[in-house]
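The values are calculated or read from the model by the stated rules, or taken from the named source; none is laboratory data. As the structure is a computational prediction, the values presented were derived from the model and not from experiment. Neighbour counts are summed over all protein chains in view; Cβ atoms, including those assigned to glycine, are modelled from backbone coordinates with ideal geometry. The accessibility values were calculated without ligands, DNA or RNA, using every heavy atom of the protein model including side chains. Shrake-Rupley method; radii C 1.70, N 1.55, O 1.52, S 1.80 Å.
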Amino acid sequence: MAITIDRIDTWIIEVPTIRPHVLSMTSINKQVMTLVFVSCSDGITGVGEGTTIGGLSYGNESPEGIKLAIDLYCAPILIGQRAEVPASAMSLLRNQVVGNHFAKNALECALLDAAGQRSGLAMSELLGGRLRQKLPVLWVLASGDTAQDIDEATQMIESGRHNVFKLKIGKRPLKDDVAHVAKIKRALGDRASIRVDVNQAWNQHTATRGTKMLADAGVDLIEQPVHRADRAGLEQLTRYSPVPIMADETLNGPGDALEVARRNGAHAFSIKPAQAGGLFAAGQIAAIGTAGNIGIYGGTMLEGGVGTIASAQLFSTFENLDWGTELFAPLLQTENILATPLVYRDFSLEVPNAPGLGIKLDMDKVKHFRRNAPAKTVSSSINRRTV
Ligand code: MUC
Ligand code: MG
């Protein structure tokens, strides 16, 4: 008898961050994650995550919008469909729902998690086959304070957790941003690689000056310096910048990747399943990048454990991962909602081997952090993680 999708639940979870995380367009003190649970007629439940940054300030979908799109539109299409064939369920969904990439990615992940649990295979095997067991992971310095960033980075290097750092810039005037970056690079020297993410904040003129100034400051990579729609600008910078240019917000699916690759519009692609519209779509972006001899980097939407491991499962299948990954975000949250701890060691994240995502949620913690949860559902044993 066919195994069907019986029920879909979405929960909004809010976990505070260990410190404010300051980006050019927003600052966050908590991360809001929409978890989706897909329950199947054989008793298996898969989980996925839809997470964005700062409500609607970063991407096209908000946590509430992701929940609403799933509850009101996607779930009625999927319920009753065959659970064993995630590709066919997702194809049906794509035919009937335009856009809503974060919601689709969360659902695809949950279907693949369930399929993995059913077959006994890790999700990486359903995505093409794992080529690496651990992934290099950088840390993002974004406290908003230069001295605190230097302290944070020094601790990370000394504890063996990270030695590559991405700095969030674009909020302050260019010369202040460059002074901030240069001070951090001087303090860390050759012990660290420094990259920056401008999150679209610059116009062409500022970007042209900025790339040169950042080259002098010792920066290794510049991410999304101009607006996501400014492909011509990205192309110009890619031609003339002394520092490699990475596309992030510009890449909202394989079509964007093809367009950027055609015009040699980036030196590197940041691969994000949520932005791409799913894990397979993200894999296609990586394939287009690789075919175009463009460097590949594993990005994040600051997802918690579920979304981070979904990305890790995919990134572990990439032949080229030239710039490593930034799958650090569970460490930015005060609390990990997983019962199976993630292993960050030797500047890397280990990819779980158990079937599906290979992780288990700690449901007491999930309930505790659920938005509008009834008064405390978990004891006071929450260990505040410090940087
Ligand atoms: C982005 O633009 O890359 C990734 C790391 C981080 O701190 O923010 C995200 C978003
Ligand atoms: Mg970015």
- Item | Backbone N within the stretch 46-77 under 20 Å of label point (7 Å from Met363 Cα along the Cβ vector) | 46-50
- Task: Can you tell me the 0 to 90 degree angle between the C-alpha axis of helix 146-158 and the longest principal axis of the chain, rounded to 10?
- Result: 70
- Task: Send over a whole-number figure in Å² for the accessible area per residue of the chain, probe 1.4 Å.
- Result: 39
- Message: Considering only protein heavy atoms and a probe of 1.4 Å, how much of the accessible area of the chain is carbon and sulfur, as a whole percent?
- Response: 50
- Message: Under a crude label model (7 Å from the Cα following the beta-carbon direction), how far is Ala287 from Ala87 in nanometres?
- Response: 1.0
- Query: In nm, to one decimal, how far is the modelled label at Ala232 from the one at Asp176, with both set 7 Å along Cα→Cβ?
  - Reply: 3.2
- So the angle from the long Cα axis of helix 174-188 to the longest Cα principal axis of the chain, reported in degrees to the nearest 10, equals 80
- Rounded accessible area of Phe280 (nearest 10 Å², 1.4 Å probe): 90
- Task: Can you send over the solvent-accessible area of Arg345, 1.4 Å probe, protein chains only, in Å² to the nearest 10?
- Result: 130
- Message: Suppose we look only past 11 Å in the calculated P(r) of the stretch 134-175. What percent of the Cα-Cα pairs does that tail hold?
- Response: 66
- Note on the structure: Between Glu158 and Gln96, the FRET efficiency computed from the C-beta separation at R0 = 45 Å comes out, to the nearest 0.05, as 0.30
- Item | Bridge type composition, the stretch 126-350 - antiparallel percent by DSSP, nearest 5 | 20
- Evaluate the relative contact order of the chain (contact order divided by residue number), counting alpha-carbon pairs under 8 angstrom at least 6 apart; express in whole percent. 20
- Query: How far, in nm, would the chain grow between Tyr240 and Leu131 when pulled straight, counting 0.36 nm per residue and subtracting the alpha carbon separation?
  - Reply: 35.8 nm
- Query: Using +1 on the beta carbon of Lys and Arg, -1 on that of Asp and Glu, and nothing else charged, what's the dipole of the chain about the Cα centre, debye to 20?
  - Reply: 440
- Task: Restricting to the chain, compute how many DSSP beta bridges are antiparallel as a %, nearest 5.
- Result: 55
- Among His180, Asn293, Phe315, whose Cα sits farthest toward the positive end of the charge dipole of the stretch 126-350 (+1 at Cβ of Lys/Arg, -1 at Cβ of Asp/Glu, about the Cα centre)? Asn293
- Measure nothing fancy, just the Cα-based angle from helix 86-96's long axis to the longest principal axis of the chain, in degrees from 0 to 90, nearest 10. 80
- Item | Contour excess over end-to-end distance, with Cα ends at Asn29 and Asn320 and 0.36 nm allotted per residue | 101.4 nm
